[in-house]
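Structure, as structure tokens:
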Amino acid sequence: MKGIASHVEVTINKRTGELFSILLGLFLLFHSCKPGVLVAPDSATLNVVVVPSQIPVGGEAIVKVTGYKSTGGLLPDGTEIYFSTDIGSIESEKEIQGGVAEAIFKSNDNRSGVATIRVISGNAKTNPETITITIGTSALYSIILMANPASLSPGGGTSTIRVLTYDKLNNPLSNIAVVLSSNAGELSSKGVPIYTGTDGSAQDTLKTSVTTRVTAMAGDLTATVDVTVEDNDAPTASFVYSPESPKINEKIFFNAAQSSDTDGTIESYLWDFGDGTAGTGQTISHSYKNANKYHVVLVVKDNKGAQGTKEVSITVGDNESPTAEFVFSPPSPNVNEDVVFDASDSTDPDGTISSYDWDFNDTKTGHGKLITHKFSQIGTYAVTLRVTDNSGNSSTKTKSVVVSAGQKPVASFDYSPTAPIVGQTVYMNASASYDSDGTITEYRWDYGDGGSGTGVTSSHAYSNSGSFIITLVVRDNDGNETTLNKSVRISSDSYPTASFTYTPSEPTAGQDVFFDATSSKDTDGYITDYKWNFGDGSTAVNGAEYSTITHSFALAGSYKVILIVTDNGGNQTNTYLTVTVK
Ligand SMILES: [Ca+2]
Ligand SMILES: [Ca+2]
Ligand SMILES: [Ca+2]
Ligand SMILES: [Ca+2]
């Protein structure tokens, strides 16, 4: 037990007091009748001293009794002294030895207040008449309150609040209940009493953004301390949102760009949407799951930590679902034919449609109001359109699309020349091909010698002789294909033979001579050119049409007449005859 203490505040229940008196009465009756026990004579005086007279809750004191006879002498050894108390506990009986009896008082019931000690032996009087021990806050004499730091930077922060309690002799008091309060900010203790430790102090924490006065109350005493916050203009929170009358699940866009701070900048935006969710950022979007009135609170914080708030009520209404509707074309599509799906007839009575989702029932899906799709196999497809409105409600529409195979295209082609030779260009033409229920979209050629091509017409020159299969594949807009094969024989080219005759056989000067080269031949082709040189200085003549020609020699003489024939492969052969003119 240490030093002194004391404290104020004691509440003794009236009922408890009455009970105490009754018990005391019974106690006295019992002891006064008990034989063989030595008690003080009625005329004796019991001097009582309590040391210390003020103790903390949990403390101890000694109650010292010195007994005197009326004659002035000490009471004899063995005189029984009885002790009792209404708070705490005390040793109940002690014998006087050397005129003195001591009983130890203990504060062991966690109660504070003024304990009344009864000291009894026979009917002896006590001096003083009333003996008390002050326990707990009843001992409190002074209280000191400190804040560290006592000054916070703009925006505030936390400060440690320390309270110190002392008794009249400046001894620290432990186990003193102290209640702290503040006119702003927040104390960790939240109004719940805190208790001093053995050093007489207790601690709390103040969190505040503005200058705050903290008050401590213990027993009848109060103390205050100020925690100042440096000057800073608080920012102003402001925001707009759209749409004005949102529906359930509709996205609402919030913009706090109008918020301002006169002497700094806004550093953070905190949103409380009033439905248990929160967010951050100057702009933000949010949607509500229920129709209701919501209080949206924006808290902006400036660069010095000061806050500004703005609260707005938003009424969120019910949303009507959209209606899905679509058409498609052609109504009876073929396999691989483009089918156009159009959802333009879908509507939303109280908003807009924000998405169109398609399920073509062939494992493929798509998105968009207008979409083109091909079915790669015949069958009946339950095509489903799902439309979703701006509030997230959706509805569907399903229609059957019957996809059939369609007509195959007809393949047809010609080539020329019909008897080509090596190196000669062969022209192919497939323009007679057609598709009875659509269009031909593709022509593919295989020339049979490793070469290939595309297009309604094509051409190819073979570099070897032999028979080749020309293959044409036509494909229609449904993806149907038809193949047509034709063989072509490529001949190797040979040189033509050149020969001619003339009449009359013995011409005279100036007489017309008829030259005839029609006996010239090309076994694997045809002659494309006849070239004549009459050997008389006249200009040579050439052309396909000159298989026969008439020429007259002006002068008598012997002339070497030369014929050059050219075949369709470009091969040339020549011959000559000597014509004697008289
Ligand atoms: Ca500011
Ligand atoms: Ca709607
Ligand atoms: Ca077709
Ligand atoms: Ca030839």
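Normalising the average separation of contacting C-alpha pairs (under 8 angstrom, six or more residues apart) by the number of residues puts the relative contact order of the chain at 7 percent.
When region 195-311 is described by a simple charge dipole with +1 on each Lys and Arg Cβ and -1 on each Asp and Glu Cβ, the residue from Q258, T283, T228 located farthest towards its positive end is T283. Counting 0.36 nm for each residue step from T116 to H295 and taking away their Cα separation leaves a gain of 58.5 nm.
Considering all C-alpha pairs of region 104-252, those separated by over 26 Å amount to 50%. In order along region 317-331, phi translates into HN-Hα couplings of x, 5, 10, 8, 6, x, 10, 8, 8, 7, 10, 9, 8, x, x Hz, rounded to whole numbers, per the Karplus curve 6.51 cos²θ - 1.76 cosθ + 1.60 with θ = phi - 60° and x for Gly and Pro.
If the segment from K560 to N429 were pulled out straight at 0.36 nm per residue, it would be longer than the present Cα-Cα gap by 42.4 nm.
Sorting the segments 139-146, 261-268 by their mean number of nearby beta carbons within 10 angstrom, highest to lowest, gives 139-146, 261-268. Highest average first, the peptides 481-489, 250-258 ordered by how many other beta carbon atoms sit within 10 Å of their residues are 250-258, 481-489. The fraction of Cα-Cα pairs per 10 angstrom bin, counted from 0 for region 254-319, comes to 21, 49, 22, 7, 1 percent, rounded to whole percents. Just name one of G569, A139, S519: the one whose Cα is farthest towards the positive end of the charge dipole of the chain (beta-carbon charges, Lys/Arg +1, Asp/Glu -1). Positive-end residue among those listed: A139.
Karplus-derived 3J(HN,Hα) values for region 77-82, using 6.51 cos²θ - 1.76 cosθ + 1.60 with θ = phi - 60°, are 4, x, 5, 7, 10, 10 Hz; glycine and proline are entered as x.
Dividing the summed -39500 (n - 2.57) terms of all DSSP H runs of n ≥ 4 by the residue count of the chain sets its mean residue ellipticity at 222 nm at -1000 deg cm²/dmol.
Ordering I490, S452, V474 by Cα displacement along the dipole of region 414-490 toward the positive end leaves I490 in first place; charges were set at the Cβ atoms of Lys, Arg (+1) and Asp, Glu (-1). The alpha-carbon atoms of region 501-581, seen along their principal axes, cover 40, 21, 18 angstrom, with the largest extent given first. Annotation: amide H of Q407 within the under-5 Å range of D437, sequence separation 5 or more or interchain, hydrogens built in the peptide plane. What the Cα convex hull of region 445-534 gives, in volume per residue, is 148 Å³. Couplings for region 554-559, taken from phi via the Karplus curve 6.51 cos²θ - 1.76 cosθ + 1.60 with θ = phi - 60°, read 6, 10, 5, x, 10, 10 Hz in order; Gly and Pro are left as x. Against the chain, whose longest principal axis is taken from its Cα atoms, helix 14-33 shows a tilt of about 40°. Here's how it looks for Q424: its modeled amide H is under 5 Å from those of Y462, which are all 5 or more places away or on a different chain.
The order of V383, V178, going from fewest to most other C-beta atoms within 10 Å of their C-beta, is V383, V178. Under a model in which nothing but the beta-carbon of Lys, Arg (+1) and Asp, Glu (-1) is charged, region 501-581 shows a dipole of about 200 debye around its Cα centre. Each peptide in 431-438, 156-163 receives the mean, over its residues, of other Cβ atoms within 10 Å, and ordering these scores from highest gives 156-163, 431-438. For region 318-421, the dipole from Cβ point charges (+1 on Lys and Arg, -1 on Asp and Glu) about the Cα centre works out to 560 debye, to the nearest 20. Of all aspartates and glutamates in the structure, those lying under 14 Å Cα to Cα from K521, and not within fewer than 8 positions of it along the same chain, are D493, D529, D567.
Within the chain, the percentage of alpha carbon pairs spaced more than 39 angstrom apart rounds to 71%. Cross-link check: pairs K369/K397; K289/K369; K374/K408 evaluated at a Cα-Cα cut-off of 22 Å; pairs beyond the cut-off: K289/K369. Of all lysines in the structure, those lying under 17 Å Cα to Cα from K310, and not within fewer than 8 positions of it along the same chain, are K293, K301. Translational diffusion of region 58-108, estimated by Stokes-Einstein from the Kirkwood radius over alpha carbon pairs at 20 °C in a medium of 1.002 mPa s, is 186 µm² per second. Quick check on region 142-229: what are the equivalent-ellipsoid semi-axes from the Cα gyration tensor, as sqrt(5λ), descending, whole Å? After scaling each eigenvalue by five and taking roots: 23, 12, 10 Å. Under the convention that each Lys and Arg Cβ holds +1 and each Asp and Glu Cβ holds -1, the size of the dipole of region 142-229 around its Cα centre is about 120 debye.
Annotation: aspartates and glutamates with alpha-carbon distance below 18 angstrom to K207 (same-chain offsets under eight excluded): E186, D226, E230, D231, D302.
Values in this text are rule-based calculations from the coordinates and carry no lab data. The shown structure was predicted, so the numbers you read here are calculated from the model rather than taken from an experiment. Cβ atoms come from the backbone with ideal geometry, glycine included; neighbour counts cover every protein chain shown.
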